[in-house]
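**Q** Structure incoming, see below.
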Amino acid sequence: MVKVRQDAWSHEDDLLLAETVLRHIREGSTQLNAFEEVGDKLNRTSAACGFRWNAEVRSKYENAIDLAKRQRKEKKRAIAAAEQKLNKPVIELPQTEEGQLESIIEESEKTNGTGTLTIDTVIRFLKELKRDYYASNQSKNTLEQYKKNNLKLHEQVNQLEKQLAQTEAQLSTIQEDYQVFIQIMDRARKMTVLDDQGSMPSPAFRMDKNGNLQQLAQGN
């Protein structure tokens, strides 16, 4: 599809541009990608979207841009922390299974005087291994639950950011309408003052016997 340049930007176009750029900033993407996405949706060039953003829209969203940058940093730190946790064992056992078995054998040698494993020794080893296995699974389930809760919180943050962007856009529109209203009222006030001045009677003059002009008093 050929992109056609359009001169008129509507309020909805500016709002879409702002929301898209803020989302790309939060997600760690570039503004160029945001301009291309908006251009595809509005049938404009990415250059036109970039010019509109820098010339008109950006100044209205300085606070939202700072917030999006902070959220991007927090997201990166959270991902790095999650990856670090995943790379570590869920439960750090003081000994491996082999080490536990060696300890049991040594204990059996001290007790029985031989290195022969007994049934009781094997059962005890298996019970300890089973306990560690269940503890490990429980920790994994807890980690998965934390991940789900973290995802829900991110979704809520994204919804709140979208509502914030819409509210800021609406506030900007209200401020512009208020300025226009003030200008209209000011012009109306000036016109009223001019009309009042125009209704005043013009001064009258007469020439005396010496040829000089004299202003006549009102009512004469």
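**Q** Apply 1/(1 + (r/R0)^6) to the Cβ-Cβ distance of ASN63 and ASP132, taking R0 = 45 Å, and write down the FRET efficiency to the nearest 0.05. Write down the numbers at each step before the final one.
**A** On the way: r = 51 Å, r/R0 = 1.14.
Calculated value: 0.30.
**Q** Can I ask one more? Given a cut-off of 23 Å, name the pairs among LYS85/LYS127; LYS76/LYS147; LYS73/LYS140; LYS127/LYS147; LYS75/LYS162; LYS41/LYS147 whose C-alpha atoms lie farther apart than that in the structure shown. Don't skip to the answer; put the middle values down first.
**A** Numbers: LYS85/LYS127 28 Å; LYS76/LYS147 15 Å; LYS73/LYS140 27 Å; LYS127/LYS147 31 Å; LYS75/LYS162 17 Å; LYS41/LYS147 33 Å.
Flagged as over cut-off: LYS85/LYS127; LYS73/LYS140; LYS127/LYS147; LYS41/LYS147.
Each value in this text was obtained by applying a stated rule to the coordinates, not by laboratory testing. Everything numeric here is computed off the predicted structure, so don't read it as measured data. So basically every Cβ, Gly included, is an ideal-geometry build from the backbone, and we count neighbours across all protein chains shown.
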